[in-house]
Every structure is written in structure tokens, then in C-alpha cells.
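The values are calculated or read from the model by the stated rules, or taken from the named source; none is laboratory data. Everything numeric here is computed off the predicted structure, so don't read it as measured data. For neighbour counting, all protein chains shown are included, and Cβ atoms are generated from backbone atoms with ideal geometry for every residue, glycine included.
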Amino acid sequence: MSWPRVSALRTAAQFSSRLQQLGIDLPFDEELQSGPESVLAQPLTSVCGRIGNRWCILPMEGWDGTLDGRPTELTRRRWTRFGLSGAKLMWGCEAVAVRFDGRANPNQLVICEENLAELAALRQLLVDTHATAFGDTSDLLIGLQLTHSGRFARPLPGQPLQPAIAYRHPILDARFGVNSDSSLLSDDDLRRLIDDFIRAAVQAQRAGYTWVDIKHCHGYLGHEILSGFDRPGDFGGSFENRTRFLREITSGIRTAAPGLGIGVRLSVFDFVPFQPGKDAGRTGVPSWQGPYPHAFGGDGSGHGMDPAEPLRFLRLLVELGIDLFCSTCGSPYYNPHIQRPALFPPSDGYQPPEDPLVGVARQIQATALLKQQVPELITVGSGYSYLQEWLPNVGQAVVRLGLADSIGLGRMVLSWPELPADTLAGKPLQRKLICRTFSDCTTAPRNGMVSGCYPLDPFYKTRPERERLAACKPSGSVPAVRD
């Protein structure tokens with residue numbers, strides 16, 4: 001299957017026509033505002049502090065730390081570019097493991113006493129860069145995302161996954177190398193991990209971070225616990241038990257790190273895992289037929305959302321005094337077309353079974369539903385990069401209509417970090433820097449290389465990994481860059 005490229009939709013009329021053809025409702029402002037009175041320039045006030053505008057940088061893993069979990073020059077370059085972005089909310093900037101066996105890759109950053117000074121320096125680098133470019137940093141809110149990768153832990157170089165799971169899964173176990181109960185985390189294991197999150201939060205506060213994100217998304221451990229409907233014991237079964245992990249971490253942070261803010265990035269719905277089909281294009285197909293009972297926020301079919309439990313979860317955040325919430329969905333490991341819509345999949349992925357604009361709209365609509373029901377939260381939306389030229393126009397409409405409070409940028413900021421600042425200043429689009437979702441930033445780490453925008457960032461174009469990366473992809477899988 002092939003879908004029209006967004007870069008070919010050169011006018012607002014063409015973009016709107018495509019939305020009508022797809023039958024999707026995607027907010028869209030034809031006229032983009034700029035300047036201090038514009039929609040996306042308006043501030044927000046969190047219990048964690050003031051946020052100077054409506055742009056947010058989402059957390060990413062660069063596969064470019066050291067084997068002992070410290071940042072490198074590549075990490076520092078990326079954080080410098082975050083500081084240049086002009087965004088005022090930094091949602092973690094980086095997914096940082098709370099212990100070494102919880103890393104999703106052997107070069108993921110780890111927060112521990114030995115690495116703390118360098119994590120503090122990383123934050124200060126971002127602040128200093130932002131100050132040089134924009135002056136005021138009093139409204140720059142920087143958090144650190146704390147994570148354990150659970151089922152997708154790969155802490156050792158050259159070694160397979162070392163999964164730590166919340167429950168046995170009929171599809172994911174076979175796909176990711178779980179063949180016994182030895183990978184199951186006991187209740188006592190989870191209690192020790194709760195202590196690790198609390199210790200990491202205390203260290204993050206000492207390093208100068210204003211708040212921490214307790215990660216509950218993308219199939220990693222916090223997210224998987226939420227779908228442990230059949231798990232026995234204190235962390236499975238009932239909603240109360242499945243949220244115990246978050247509640248006990250939050251309580252511990254309040255005691256051990258008073259004044260430290262907390263946010264949660266949540267996969268608000270999940271679908272059945274997909275796999276490449278047998279057609280010539282390897283179009284994604286479901287791995288499961290019939291009812292699918294393993295999705296938090298799922299409707300039981302494996303292909304839809306039931307907002308009841310996500311809404312209950314968000315109301316719990318309010319009860320816990322947490323007001324920073326970032327909405328996402330699914331997992332990059334088993335259904336990336338819903339989580340990170342892209343026209344070109346990574347080397348181990350599948351072709352999208354739907355126009356990626358459908359996936360963008362699905363996330364925006366789900367986030368809007370939750371925002372309207374729980375307006376107390378400062379809600380950050382995800383999944384915008386595939387909109388490409390039209391990202392600012394859709395983001396402005398979403399914020400203007402109150403469907404989210406802030407627009408999160410992931411892949412897009414790797415190729416064009418200044419997009420928020422340029423938009424607010426009314427500068428023209430830099431078409432040659434717009435992310436075209438070629439997925440090289442994912443294909444590279446899936447093949448043991450550092451992540452970066454190899455097609456568009458001149459710095460990564462000249463790195464030796466580029467030739468290795470090309471060899472990992474089927475011939476003709478990504479067109480030449482023309483835009």
C-alpha cells in the first residue's frame with residue numbers, strides 16, 4: 001500500500017482535501033500566528049513552575065551514552081539543540097534508567113551517584129544554551145524521565161534482551177524471547193524497584209531538575225503493569241493494585257524529595273501487536289485474531305480505545321497532586337504505526353496499514369477526549385511529527401480549541417530543533433529540515449548505532465554510521481531527499 005506524501009500537499013486546500021478524503025477530523029488553522037500574542041506563545045503555570053510557551057520537547061534515547069551510563073559529546077550536542085529550540089517545557093529530554101539492568105540499550109543514560117555530576121552538567125548546558133539564545137530561563141521547566149525498560153531491557157552490549165516482565169503475554173513472550181517464568185518480577189522485586197525510582201528522584205532533585213516523569217508508556221515496565229489484569233498479588237488485577245506502583249513511588253518522592261514535581265507520560269490506549277504481512281510490501285497485520293484482553297485503555301477488540309480506565313488514571317493523578325501529563329499510545333516495539341506514525345518504517349518494522357495521518361488524528365482525538373474530561377491537568381500531546389509542514393498549523397488549532405495545552409516534539413526536533421522558536425518568530429518553513437519520517441533515527445539504534453537524523457542533519461550525514469545504516473535497509477526503501 002502507498003499513501004500520498006505530506007510533502008506533496010503544498011497548500012492548505014490540498015491538505016484539507018486529503019483530510020476529507022480520509023474522513024478524519026483533524027483541527028487545522030490555515031493562518032499561522034506569530035509573536036508574543038500568538039496562541040503557541042502563551043504561558044502555562046504548573047505546580048512545578050511556570051512554562052513560557054506551548055511547545056514541549058519529548059524524551060528520546062540516543063544510544064550515545066557510555067557503557068557506564070554517562071552522557072557523551074553526542075548526548076551533549078542533542079541537549080544543546082534542545083536548548084536552542086525555544087520550547088519552554090522539557091519533558092525529560094532523555095529516558096534515563098533508574099538502574100543498569102533496566103536500560104533499553106547498553107548506551108542508555110543511568111542515574112546513579114557516580115553519574116550525577118554529569119547529569120547535572122547536562123541540564124546546566126541546556127539552561128546556558130537557552131539563556132544565550134533567548135535570555136529568560138525563569139519560565140524554562142526541565143524534568144528528567146525515569147524509566148525501567150521491563151520486557152524490553154537490553155543492558156549488555158552484543159547480548160539479547162534481558163526481560164523483566166509484569167506478566168506472561170501470549171504474543172510478546174514468543175516474539176521477545178521469554179520462554180519461562182524466570183523473567184517474572186515478584187511483588188518484592190517491584191517494591192525494590194519502587195525504592196530505586198525514589199532514590200533516582202532524590203538524585204534528580206540534587207542535580208537541579210525541577211521535576212521527574214514516572215514513565216508509564218510504550219510497553220515499558222510502568223505501562224505493562226497497568227495491563228496486568230490477571231497478575232496475582234499486590235500489583236495486578238484490580239485498578240487499585242495496577243496503580244500501586246505509581247502511587248507508592250509518588251508517596252516516596254513526596255517524603256524523600258519534598259518540592260520535587262512529578263509528571264507522567266502515559267500510553268492512554270494500546271492495540272494488539274502487529275507484524276509484517278506476507279505481501280510484497282510487508283504491510284502490517286495484527287498478530288492476534290479475536291478478543292484482545294491485554295491492552296490498557298483498549299476496548300477488548302485490539303483495535304479501539306475504551307477511555308474509562310485512562311480517565312480513572314488521570315483523575316488519580318489529580319488526587320496525587322500531579323498536574324503534568326503527556327499523552328501517547330501503543331509501543332514502538334509491537335505497534336509503531338499507532339504510536340509513531342511514519343511513511344517509512346525502520347528496518348525491522350512493517351509498512352503502515354493505514355495512512356499515517358489517521359494515526360496522528362487518532363492520538364489527537366484521544367488526547368482531546370481526556371483533556372476535556374480532566375481539564376485540571378496540563379496535557380501535552382504527542383504524535384505530531386508526521387504532519388511535517390502542517391505541524392504548527394494543527395498544533396495551533398489544537399491548543400486554541402483547548403484539546404491539549406502543549407505540543408510535544410520528538411523526531412522533528414532532531415532535524416529541525418529551532419522549529420518552536422522559528423514558528424513563534426514568524427520565520428518561514430525550512431523545508432530541507434522537516435522530518436519526513438524516514439525512521440533512520442530508529443533503524444540506526446535497532447542495528448547498534450547511535451540515533452540521529454542521518455538524512456537531514458549535516459552532522460550525522462558525515463558520520464561513518466551512515467554507510468552501515470544504508471546497508472541495513474532494503475534497496476529503495478527510502479527515497480532520495482528532495483524537499
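Some observations on this one:
- Condition check for GLN275: in a strand (DSSP E or B), over 23 Å from LEU246 (Cβ atoms) and not hydroxyl-bearing (Ser, Thr, Tyr): yes
- Residue in the stretch 317-327 that is surrounded by 19 or more Cβ atoms within 10 Å (Cβ to Cβ) and either free of Cβ contacts under 8 Å to residues at least 60 places away in the same chain or not hydrophobic (A, V, I, L, M, F, W, C) (or both) present: yes
- Qualifying residue in the stretch 261-269 (condition: buried (at least 20 other Cβ atoms within 10 Å of the Cβ), touching a His at 6+ places or on another chain (Cβ under 8 Å), in a loop (DSSP other than H, G, I, E, B) and in contact (Cβ under 8 Å) with a residue 60 or more places away in the chain): no
- Residues located in the stretch 332-366, provided they are in contact with a Cys (Cβ under 8 Å, 6 or more places away or on another chain), among the polar types (S, T, N, Q) and crowded, with 22+ Cβ neighbours inside 10 Å: GLN339, GLN363
- Residue within the stretch 411-420 that is surrounded by fewer than 20 Cβ atoms within 10 Å (Cβ to Cβ), of a type in the set (Gly, Ala, Ser), out of contact with any strand residue (DSSP E or B) (no Cβ under 7 Å at 6 or more places or on another chain) and part of a helix (DSSP H, G or I) present: no
- Subset tally (residues that are out of contact with any strand residue (DSSP E or B) (no Cβ under 9 Å at 6 or more places or on another chain) and closer than 21 Å to ALA166 by Cβ) for the stretch 296-307: 1
- Residues located in the stretch 173-213, provided they are surrounded by 23 or more Cβ atoms within 10 Å (Cβ to Cβ) and either aromatic (Phe, Trp, Tyr) or under 18 Å from SER331 (Cα atoms) (or both): PHE197, TYR209, TRP211, ASP213
- The test for being more than 23 Å from the chain's Cα centre (by Cα), basic (Lys, Arg) and either outside any helix (DSSP H, G or I) or on the phi < 0 side of the Ramachandran plot (or both) holds for ARG254.
- Residue that is modelled with the highest pLDDT [pool: residues in the stretch 332-387 that are more than 20 Å from HIS223 (Cα to Cα), outside any helix (DSSP H, G or I) and of a type in the set (Ser, Thr, Tyr)]: TYR384
- Matching residues, the stretch 106-123, being part of a loop (DSSP other than H, G, I, E, B), closer than 17 Å to LEU146 by Cβ and out of contact with any helix residue (DSSP H, G or I) (no Cβ under 6 Å at 6 or more places or on another chain): GLN108, LEU109, CYS112
- Members of the stretch 166-221 found to be closer than 16 Å to CYS112 by Cα and in contact with a helix residue (DSSP H, G or I) (Cβ under 7 Å, 6 or more places away or on another chain), listed by number: ILE194, PHE197, ILE198, ALA201, VAL202, GLN203, ARG206, ALA207, GLY208, TYR209, VAL212
- Looking only at the stretch 89-101, and only at residues there that are touching a helix residue (DSSP H, G or I) at 6+ places or on another chain (Cβ under 7 Å) and under 19 Å from LEU409 (Cβ atoms), the one that is surrounded by the most Cβ atoms within 10 Å (Cβ to Cβ): MET90
- Lone qualifier among ARG81, ARG70 - being in a helix (DSSP H, G or I) and of a type in the set (Lys, Arg): ARG81
- Residue count for the stretch 4-17 under the criterion of being out of contact with any helix residue (DSSP H, G or I) (no Cβ under 7 Å at 6 or more places or on another chain) and either assigned to a loop (DSSP other than H, G, I, E, B) or within 18 Å of ILE364 (Cα to Cα) (or both): the result is 4.
- Taken as a whole, the condition of being in contact (Cβ under 8 Å) with a residue 12 or more places away in the chain, loosely packed, with under 15 Cβ neighbours inside 10 Å and aliphatic (A, V, I, L, M) does not apply to VAL39.
- Qualifying residue in the stretch 58-69 (condition: of a type in the set (A, V, I, L, M, F, W, C), touching a residue at least 12 places away in the same chain (Cβ under 8 Å) and either farther than 30 Å from GLN159 by Cβ or in contact with an Asp or Glu (Cβ under 6 Å, 6 or more places away or on another chain) (or both)): no
- Of the residues making up the stretch 317-325, at least one is aliphatic (A, V, I, L, M), at pLDDT 95 or above and within 18 Å of the chain's Cα centre (by Cα).
- Test result for GLY86, touching a Pro at 6+ places or on another chain (Cβ under 8 Å) and under 16 Å from GLY410 (Cα atoms): yes
- Filter result (over 30 Å from ALA425 (Cβ atoms) and within 19 Å of the chain's Cα centre (by Cα)) within the stretch 65-85: GLY65
- Matching entry among ALA104, ALA120 (being buried (at least 19 other Cβ atoms within 10 Å of the Cβ) and touching a residue at least 60 places away in the same chain (Cβ under 8 Å)): ALA104
- Look at the stretch 275-286: where a residue is in contact (Cβ under 8 Å) with a residue 24 or more places away in the chain and a partner is part of a loop (DSSP other than H, G, I, E, B) and of a type in the set (Gly, Ala, Ser), sitting 6+ places away or on another chain with Cβ atoms under 6 Å, you get GLN275/SER287; THR283/GLY277; VAL285/GLY277.
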